[in-house]
Amino acid sequence: MMPGASLCLESGAYGPSEGVRAAPPAGIVYQVEKWRNLRREMLPLLVLHWKEIALNHADVPLDIDHEKYDALDKSGALHIVTVRQDGELIGYHVAIISGHLHYKSTLHGITDVFWVSPAHRKGFTGIRLFKQVEKEMAALGVRKLFTGTKVHLDMSKLFERLGYKRVEYLYAKLLPQGD
């Protein structure tokens, strides 16, 4: 999956993120978890996520590179914040933490994917997820966090409420294959 592979977290208007001070509802926990411990539980959700947001399913099938995820996890570069309700995985944010080719001394967080189950997209679940991600990454020394949104499931309002600034546009093109 690529940076910017995102999913509609919540519907409707977004209140100011600063107003999200109350504790999450009972049974909701946001925490950092390791890929090696989540892999089996998370894979079915990644498939649901892909079916909901990805374009060009026939031309670009879901084909998770388990070896790369494992290597990133082992090296400490893969950062996952989960959302659980009464122990059940209901959301996640996956990012790669690394220096940047142009800014070696500045640690960056590049969002790979994020998702919240459709039943939990009302309220502040998504906002709280991103607030927790920011808190955890800041504690690790990440200075700049990048995330994206799909054009067909535009989450710009959410990110703007959280203080993110639009910094670029990303384009994609399927290239012909074969002879």
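The values are calculated or read from the model by the stated rules, or taken from the named source; none is laboratory data. Note that the coordinates shown come from a computational prediction; the quantities given were computed from them, not determined experimentally. Ideal geometry is used to build each Cβ from the backbone, glycine not excepted, and the neighbour counts take in all protein chains shown. Accessible surface is based on the protein model in full, side chains and every heavy atom, while ligands, DNA and RNA are left aside. Shrake-Rupley method; radii C 1.70, N 1.55, O 1.52, S 1.80 Å.
Numbers at a glance
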{"item": "Surface per residue (accessible, 1.4 Å probe) for the chain, Å²", "result": "62 Å²"}
{"item": "The chain, helix-only ellipticity at 222 nm - DSSP H runs n ≥ 4, -39,500 (n - 2.57), divided by all residues, nearest 500", "result": "-9000 deg cm²/dmol"}
{"item": "Within region 97-125: backbone nitrogen closer than 20 Å to the residue 88 label point (7 Å, Cα to C-beta)", "result": "115-125"}
{"item": "Contact order relative to length of the chain, as percent, for alpha carbon pairs under 8 angstrom and 6 or more apart", "result": "33 percent"}
{"item": "In Hz, Karplus ³J(HN,Hα) per residue of region 142-148 (6.51, -1.76, 1.60; θ = phi - 60°; x = Gly, Pro)", "result": "5, 9, 9, 10, 10, 9, x"}
{"item": "Fraction of accessible area attributable to carbon and sulfur, region 55-179 (%, probe 1.4 Å)", "result": "54 percent"}
{"item": "Inter-probe distance in nm under a simple model that places probes 7 Å from Cα toward Cβ, at residue 48 and residue 98", "result": "3.0 nm"}
